[in-house]
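So the structure is just underneath, and the comments pick up after that.
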Amino acid sequence: METVGIDKIHVNDRSFCVSYPLEDELLLASVAKFGVLVPIGLLRRDYPVIVTGFKRLEAARRLGIGALPYVFLDIGERQALLTAIHDNMSRPLNTVEKAFCINKMLAAGFAVEDVHEVMTTLGLPPRENILKAAVSAAWAEDEAKSFIVKHQLPLSLVEQLFWFEPGERHEIIRLAGAVQVSISSFREMLQLMMLLKVKRGAIDFRQLDGAKDADAIRRSLKKQTHPLLSDLEEKLAGLLSAAALPPHIKVRVDPAFEKESIDISLRAGNSREIEEALKKLERLTGQGLFRSIFELTHGTPHRV
Amino acid sequence: MSLPTVRRIESEGSVVRDCPGTRKHICCGYKTIDLIEGCPLSCSYCILRGYLNNPGISVRTDTGAVIEEIDRAIASEETHVLRFGTGELSDSLALDESLRVNGPVARFFGERRKALLELKSKWAALDHLRPSLNPYVVVSFSVAPQRMIDAEEKRTSPVSGRLRALKKAQDWGCFVGLHFDPVIIYEGFEKDYADLIDEIAGTLDLKRVIWVSVGCLRFTPPLMKLFLRESRANLLHGEFIMGEDGKFRYLKTERVRVYRMLYDRLLEKEPGLFVYLCMERADVWDEATGREIETSEDLTTCFDRRIGQFYGGSFAWDSTKRASQGT
């Protein structure tokens, strides 16, 4: 197979690159052992432009390989972009790579209907907000791109992340990077932060520093966005803690304090355990536990 | 007002429906007549922004068929005085001066004299309807402090204009309604609402206000996303929880506080006012008003009594039927 010297191709032209990140340790190990086996695709120019094989090129450069097998693709630029997208679809693309596909198609002047079609193929809902989120992700700073890929954020969450100003986004990424966040906990965190920003106009990130996990961040944010609800939650937790309920008696209150009724459940293996649980509940009733809980679920002193 | 794209349609299914209400909350048993779907007023909090995916406006033009359907609904009702409204999927008056769809329906109610039509609006243009108005048409306006109208109901009439229109309707012999809905909690809302109630009491004859509804802001999850995206600080100022009906509502303790404040203030102005809560829980009714309204049927019965007070024997209702059912 014919090879081309890396110094003979336009390595910095990333017009058709939809791969992110380019560094791939598995591929690097493979190239180190076997060399580049699959030829890269080039557009015929004075200085040929690479269409497919950016990761292979990167691995070769890191390993000091000077020449690569290649094939010339005698196609136009739009076809070249579709070829690059199609070539990469043989593996699962991450969110940033999907964003690159969409953004590059738009930049190349494809009709929105064509872009929507590719979005559907990529498993994305062909909606305006998702398209905008993809463009934001494609243009994002490297810190944001890496975060999106590392946490496998879907574009719906990327949209929320890019609702914030760049400085705020940096703080959010720093904060979330310092603790373990799942997609769902990050979503909740972002929603509370959006709410806080709308309510107060700004977020005081210093208040969130030192939180030891995602739940601590969530609680701290919720205290600021929902002070009354947080107060009810704290009062309930205090009452239940003071009541020292045995593990087989559960008292559940609607987390929104909307339903006035509470659920009490007990687990028993025999009649004696039932009698003991009922006695415990009777004692707690006498001590006013349930009256105090009902005051919380009714939400306000009774009208006189 | 510039008219948005209006699509005229005929006979696309049923036009008279029960108000959709909301799960686990008490509904007043209203019937909606969907003469127009879509609204040009574009209030920021409007539930239609989450419900209707067609940005245009469609108007039913087959008035005869619509009236027949209303007539059938009235004829089949044996227990309650039916109340109909054209302001569920649109504003009753915003487009009426151009489209003239309410007039024939209003005249029908005046001839039928067995049910009420409520025209519910934020658009104070009533003069064109005067020849069609009659005692069986209740003219209602949603009211809010002018500060909220300026911020969130930008294309609607000012509150003073709405009150003037209501006063005019009273002068013409109509009963009128008021809707404090949605009540929005924002910094200083208590004083603004107190001033608003003073203004209402100074403008209208409260003894001829047939009903007043109060409902706190509530909205679906897609609207929450929209409000966040649009940074709607007024709408998101309060503290929201997810209600049992899957809609965001203010925390119960806050709702009760708001309802008590408005209820007490309104009754202070006119002890005989009939004030009801829109889409609320039985326990909130109890805490806020001290009235035991346990079911939607309880509330509908309250409406029957209220209508009886206002219309008495002039209402063409089969009193023997009501007596036999003990209402």
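The values are calculated or read from the model by the stated rules, or taken from the named source; none is laboratory data. On a predicted model such as this, the values are computed, not experimentally measured, just so you know. Note that each Cβ is placed from the backbone with ideal geometry, even for glycine, and that neighbours are counted across all protein chains shown. Heavy atoms of the whole protein, side chains included, go into the accessibility calculation; ligands, DNA and RNA do not. Shrake-Rupley method; radii C 1.70, N 1.55, O 1.52, S 1.80 Å.
So which residues in region B:41-57 are modelled with pLDDT of 90 or more and either of a type in the set (S, T, N, Q) or open to solvent by less than 30 Å² (accessible area, probe 1.4 Å) (or both)?
Listed by number, the residues that qualify are B:LEU41, B:CYS43, B:SER44, B:TYR45.
Kindly provide the set of residues from region B:232-285 that are part of a loop (DSSP other than H, G, I, E, B), in contact with a helix residue (DSSP H, G or I) (Cβ under 6 Å, 6 or more places away or on another chain) and at the interface with chain A (Cβ under 7 Å from one of its Cβ atoms), ordered by number.
Result: B:ALA233, B:LEU236, B:GLU239, B:LEU251.
Can you tell me which of (1) closer than 23 Å to A:VAL135 by Cα; (2) aromatic (Phe, Trp, Tyr); (3) open to solvent by 40 Å² or more (accessible area, probe 1.4 Å) is the one A:PHE54 doesn't meet?
Every condition holds for A:PHE54 apart from (3).
Go through A:ASP209, A:ASP215, A:ASP231 for me and flag whichever is acidic (Asp, Glu) and within 14 Å of chain B (Cβ to nearest Cβ). Write out each step before concluding.
Working: A:ASP209 fails: within 14 Å of chain B (Cβ to nearest Cβ); A:ASP215 fails: within 14 Å of chain B (Cβ to nearest Cβ).
None of the other options fit; the residue is A:ASP231.
Name every residue in region B:102-119 that is outside any helix (DSSP H, G or I) and hydrophobic (A, V, I, L, M, F, W, C), in order of residue number. So that I can check it myself, show each step before the final result.
Quick first cut of region B:102-119, residues outside any helix (DSSP H, G or I) only: B:113-119.
Selection gives B:ALA115, B:LEU116, B:LEU117, B:LEU119.
Kindly indicate whether any position in region A:249-257 is outside any loop (DSSP other than H, G, I, E, B), more than 12 Å from every other protein chain (Cβ to nearest Cβ) and open to solvent by 40 Å² or more (accessible area, probe 1.4 Å).
Pass one, region A:249-257, residues outside any loop (DSSP other than H, G, I, E, B): A:249-252.
In the following step, the residues that additionally are more than 12 Å from every other protein chain (Cβ to nearest Cβ) were identified as A:249-252.
Retained after the next criterion (residues that are open to solvent by 40 Å² or more (accessible area, probe 1.4 Å)): A:250, A:252.
Yes.
Check A:LEU245, A:LEU195, A:LEU240 and return the single one that is assigned to a helix (DSSP H, G or I), surrounded by 12 or more Cβ atoms within 10 Å (Cβ to Cβ) and not assigned by TED's automatic domain parsing to the domain that holds A:ALA176.
None of the others qualify; the one that does is A:LEU240.
Taking region B:214-256 as the region of interest, how many residues are polar (S, T, N, Q) and in contact with a strand residue (DSSP E or B) (Cβ under 9 Å, 6 or more places away or on another chain)?
1
Please count how many residues of region A:265-304 are under 30 Å from B:ARG255 (Cβ atoms), assigned to a helix (DSSP H, G or I) and either more than 14 Å from chain B (Cβ to nearest Cβ) or touching a Cys at 6+ places or on another chain (Cβ under 9 Å) (or both).
7
Kindly evaluate B:GLY188 against the criterion of being small (Gly, Ala, Ser), open to solvent by 10 Å² or more (accessible area, probe 1.4 Å) and modelled with pLDDT under 95.
no
Restricting to region A:143-173, give me the number of residues that are touching a residue at least 24 places away in the same chain (Cβ under 8 Å) and either open to solvent by 30 Å² or more (accessible area, probe 1.4 Å) or acidic (Asp, Glu) (or both).
Of the residues in that region, 14 qualify.
Could you check region A:4-42 and list, in sequence order, the residues that are within 20 Å of A:ALA107 (Cβ to Cβ), in a strand (DSSP E or B) and out of contact with any Leu (no Cβ under 6 Å at 6 or more places or on another chain)?
Listed by number, the list holds a single entry, A:HIS10.
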